[in-house]
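J.: The following block contains the structure, expressed as structure tokens.
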Amino acid sequence: MVISRLTTKNRRPKQNIGNFSSCKMETSFRYNSLLQKDFMYWLEFDTDVLSYNMPGIVVNYQSNGKEKSHTPDFQVVRYQKKQIIEVKSQKTVKSEKYDRLYQMLSGLYDETGWTFVVLTEAEIRREPILSNIKLLYGYARESFSIDEYRDCWEIARSNAPASLLDIFQILDQQRIRRNVLFKLLFHNLVELDIQQPITANSSIVSVAAKIDWRILFNG
């Protein structure tokens, strides 16, 4: 009996490439790793982030007498600062090659007014926060009437602190869909302790005193 071996010569390594649909930026971004995708959930949820784009601003530099360029993963504009963000695994970041490269890039971007930041799975995949953000992001594109938003916000504001279950019961009595509350939670207009798993017993800890209702109709 002849046993043939499967050749792996022409096999391509498995890649985690896909498209992420951004509500905040109203476009889609192509990611090259699942870590990049996970980071975009943070960018969508973070109210300090005004805008973001990928890839980031390309910078040219000299290395061993040769002209080279570096294309970072993200550029992020916040209220008080602008960031160039590289998303890499801890294993990659700890290598001597990348340590030297990132130190040099940090100086180059500082000269242009951007802060260079390197993030790994240690910062991005913090649980249960990431899972909570992903859960809430599932409601980001849902659409409701302005009256539903206002009524739900008033109920949350009048009864906080209260558990989600308590608020659900009031919403059910007034025939307001529960998903309205989840959209308010995604936009941080109603807040939970995001560092704890979201359950029916999760307690609402704060409610925005004023709301620019327009943000709920974007995306």
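The values are calculated or read from the model by the stated rules, or taken from the named source; none is laboratory data. These figures come from a predicted structure and were not determined experimentally. Here Cβ is always computed from backbone atoms with ideal geometry, including for glycine, and neighbour counts include all displayed protein chains.
J.: Based on this model, can you work out whether Leu119 counts as in contact with a His (Cβ under 9 Å, 6 or more places away or on another chain), surrounded by 14 or more Cβ atoms within 10 Å (Cβ to Cβ) and either in contact (Cβ under 8 Å) with a residue 12 or more places away in the chain or closer than 30 Å to Leu189 by Cβ (or both)?
T.: So Leu119 fails the test.
J.: Still on this structure, please answer the following. Say we look at segment 59-98 and pick out the residues that are touching a residue at least 12 places away in the same chain (Cβ under 8 Å) and more than 22 Å from the chain's Cα centre (by Cα); which of these is surrounded by the fewest Cβ atoms within 10 Å (Cβ to Cβ)?
T.: Tyr61
J.: When you look at Thr115, is it in the same structural domain as Thr71 (by TED's automatic domain parsing), β-branched (Val, Ile, Thr) and out of contact with any Leu (no Cβ under 7 Å at 6 or more places or on another chain), yes or no?
T.: In short, yes.
J.: Taking segment 49-65, which residues are over 16 Å from Ser22 (Cβ atoms) and out of contact with any helix residue (DSSP H, G or I) (no Cβ under 9 Å at 6 or more places or on another chain)?
T.: Scanning segment 49-65 gives Val58, Gln62, Asn64, Gly65.
J.: Give the residue that is farthest from Arg30 (Cα to Cα), with candidates limited to residues of segment 62-110 that are in a loop (DSSP other than H, G, I, E, B) and modelled with pLDDT of 90 or more.
T.: Looking at residues that are in a loop (DSSP other than H, G, I, E, B) and modelled with pLDDT of 90 or more, I get Gln80.
J.: Yes or no: segment 30-43 includes at least one residue that is charged (D, E, K, R), in a helix (DSSP H, G or I) and at pLDDT 95 or above.
T.: yes
J.: Further, regarding this structure: Counting just the residues of segment 14-29 that are part of a loop (DSSP other than H, G, I, E, B) and surrounded by 16 or more Cβ atoms within 10 Å (Cβ to Cβ), which one comes out nearest to the chain's Cα centre (by Cα)?
T.: Lys24
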